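Notes follow once the structure below has been shown.
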Amino acid sequence: MKAAFIRCFGAPSVLEYGERPDPVAREDEVVVDIRAASVNAADWKVRAGLSPLSIPFPHILGRDFSGIVSESGPEADLAAGDEVFGVCPNGSEGAYAERIAIPASLVARKPSSLSHVDAAAIALAGLTALVAIVDTLKLKRGEKILIQGGAGGVGSMAVQIAHAIGAHVVTTARPANHAYLRELGADEMIDYEVTDVAAALGDCDAALDTVGGDAITMTFAALRVHGRAAFVAVGREAPEPPRAGLVSLRPDVQRSRANLERLLEFVARRWVRVPEVATFPLAEAARAHALSEGRHVRGKLLLLP
């Protein structure tokens, strides 16, 4: 099969496009012929050697995808021809390829209302946002939440989920993305390049930081006393709060069919929509990585084998 892979850590140019061995389904697995694979910020961090993930070389990147089952192990409950989407197990990758073998329990049937591009676009980003907003922050109707990086993949899904719950949604974004975010349900937008988030807020009940780095300090500063923050752009542990009375959380994004089906309920009820998408041929994965690493992507980047 064709795949985009790395033989060493480095810049986007270390990504190669070429032949890799075809996967074979084990007892509880399916082989999925991939129609679309998502590009996540975590991907370029792995490529650059900035992730705690331990990988052997050569290594195929990519954590979520949509496609069609072509082979099924004897213990798998899916059959050839089933259209599915899914997220690789924690610590595992391999979606930048024409095919992938994955436990059947980690993929869900793709509804006909979603294209493969749409399904791949919402898989890990939507799952992360759902777990962060609903399970980790336990956001309630009427609460005020700050979402750092609202125009990105996770951020755009989080804005919609928070809006569907009935929260007052504030998000950071460049002015070019403000109209887009208002359409998704944001109530207030802050241009982080000219406005001090800490000075503008300080009364949020909750916050979700999808950016990391310098944004961590601003995320804590936006919270009221006893406010809670969730961080998805950090390592395995949540950062230490700078003052007493704050709660710092690291969402545990469990990959499972049940969680993907929870996400599909939000889609079916039209509480969330697929974010804006830009597609690239799999052979141009390096170009997609360069854009992702620039941290100014609106919506999602997808690779098409």
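The values are calculated or read from the model by the stated rules, or taken from the named source; none is laboratory data. Quick caveat, the model's predicted, so the values are computed rather than measured. Quick reminder, even Gly has a Cβ in these numbers, built from the backbone with ideal geometry, and neighbours come from all protein chains shown. All accessible areas refer to the heavy atoms of the entire protein, side chains included, with ligands and DNA or RNA removed. Shrake-Rupley method; radii C 1.70, N 1.55, O 1.52, S 1.80 Å.
Sorted by accessible area with a 1.4 angstrom probe, largest first, how do S70, S54 fall?
S54, S70
Find the percent of Cα-Cα distances in segment 71-174 that exceed 18 Å, and round it to a whole number.
57
Over the Cα atoms of segment 199-240, Rg to Rh with Kirkwood Rh, two decimal places?
0.94
With unit charges on the beta carbons (Lys and Arg positive, Asp and Glu negative) and the dipole taken about the Cα centre of segment 147-247, which residue among V159, T171, A238 sits farthest to the positive side?
Projecting each Cα onto the dipole axis, the largest value belongs to A238.
Excluding same-chain pairs closer than 8 in sequence, count the lysine pairs in the chain whose Cα atoms lie under 28 Å apart.
Taking the Cα cut-off of 28 Å, the pair count is 9.
Between segment 168-216 and segment 39-56, how many Å separate their Cα centres?
Here the answer is 26 Å between Cα centres.
Mind putting a number on the dipole of the chain about its Cα centre? Charges go on the C-beta only, +1 for Lys and Arg and -1 for Asp and Glu, and I need it in Debye to the nearest 20.
460
Counting DSSP beta bridges with both partners in the chain, what percentage is antiparallel, nearest 5?
About 55 percent, rounded to the nearest 5.
What is the pair-distance distribution P(r) of segment 1-67, computed from all Cα-Cα distances in 10 Å bins starting at 0, with each bin given as a whole percent?
Cα pair-distance distribution for segment 1-67, in percent: 18, 50, 29, 2.
Charges at C-beta only: +1 for Lys and Arg, -1 for Asp and Glu. How large is the resulting dipole of segment 159-283 about its Cα centre, in Debye rounded to 20?
Roughly 520 debye, rounded to the nearest 20.
In what order, largest first, do H289, H178 sit by accessible area if the probe radius is 1.4 Å?
If we order H289, H178 from most to least accessible, we get H178, H289.
Among S13, S248, S115, which one moves the most in a GNM of the chain with springs linking Cα atoms closer than 10 Å?
For the chain, modelled as a Gaussian network with Cα springs under 10 Å, the answer is S13.
For segment 205-303, would you read off the P(r) tail past 18 Å as a percentage of all alpha carbon pairs?
When every Cα pair of segment 205-303 is considered, 64 percent fall beyond 18 Å.
Which residue fluctuates the most in the chain, going by a Gaussian network model with Cα springs under 10 Å, if the choices are L146, L201, L15?
Of L146, L201, L15, the Gaussian network model singles out L201 as fluctuating most.
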